[in-house]
Amino acid sequence: MKQTIIYPRRVFWKAFFLAVFFWGALFPARIPAQSALPTALEQAGKLTSEKRAELQRELQRHAQVLEAQSAVIKTVAKLVGPAVVFIETEHATTSRGRDPHVEEAGSGVIIQFKDQFYVLTSRHVIQHALPEKAQNVPLEEIKIDLADGRRIFPTQVWTDADSDVAVLAVKAPDLTPAAVGDSEKLEIGDFVLAVGSPFGLNQSVSFGIISARGRRNLVMGDRRSISLQDFLQTDAAINPGNSGGPLVNLRGEIVGINTAIASDSGVNQGVGFAVPINLFMHVARQLIETGKFTRGYIGVYLSSHFGPALAAELGLSRPMGALISGIEPDSPAALAQLQPGDVILQFNQIPIEDDGHLIKVVGTSEIGRKVPVQIYRNRRTLTVILEVTDRK
């Protein structure tokens, strides 16, 4: 009877390697002489003077392209830099368990409006210096450091909590204003620069693009009630201290005021937000001219649960516009006979994207103006005329 022998695995591999060893000893492989090595290996890491000169010329040609592009950024930084300021506030507090003084710091930018100079910034940058009820702001608690090292104080201050807008009137010789651009012309992918004082590092510049427009319904942390939201989103680095500083385009024009970041750590993670300059200036002009910002009002409650299922139930192909869930008595909406269940598709010929968009459009509408409102009701559209009134 033939016997089968089963070798353990380690015995087999030991025999295999012994066989390979003896085969190599009996029949050694031929190794090429050093002189037979390829020239490329022989010359590794070495360049002739001619080759170095050729690479240098090639590098200069390629660098000229990038230098021409970076020259734009450098010029924008030189143009806008003198208009960017560092803002620091200090406010005494007697709250139990807290420091005796609360300090806040941020940025701002100088503009010229009707032959007067103003600093635009975010309200939350100076909010600690704002008294809760008094009308007169203690101006000496708001310190403005100019790019040339001078320190000045505002002569008057206006703010609006709903939009996080603050405007500081300033007077000093040789102030340099920045140009105000048009944020409505911005498109996703446009290059922008954020200028400010992150972590107190004055005149810092970061570069990025417009990542998105019309960001709404954002939770703003301790900034309790920024209800007028229509943010620009950018990946230009924005950090604590950038708030209130300008977001500028490649023409050196202000297109936004940096105000917040989305972050798990409290520092930049590539998602920053800015108030579009058109919205900011709409509020700022009213503050300067009348001392207050008056928001438009039509008197509707809006549903926050307007999704695909409800849209299909109403006969719409997708969620669009803003769904009315209630009407204030004697409001402009009531007088125009709007009803719960109506969907506002257009307001003053502006297509409405969602409830947040309607809030922004109505809030910035001219008071007393009669506007056409297109609504969707019972699977058909109709237009009504509605007068925008003062929200208060």
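When the C-alpha to C-alpha distance is required to be over 25 Å, the pairs from Lys46/Lys74; Lys143/Lys171; Lys74/Lys171; Lys143/Lys360; Lys171/Lys360 that qualify are Lys46/Lys74; Lys74/Lys171; Lys143/Lys360; Lys171/Lys360.
Using the Cβ of Pro319 as centre and a radius below 13 Å, the other residues enclosed give a net charge of -3, where K and R count +1 and D and E count -1. Projecting the Cα positions of Ile210, Ile188, Gly244 onto the charge dipole of region 179-290 (unit charges on Cβ atoms of Lys, Arg, Asp and Glu, taken about the Cα centre) puts Gly244 furthest along the positive direction.
Every number here is computed from the coordinates shown, using simple stated rules; none is lab data. Note that this is a predicted model, so its numbers are computed, not measured. We place every Cβ from the backbone using ideal geometry, glycine too, and count neighbours over all the protein chains shown.
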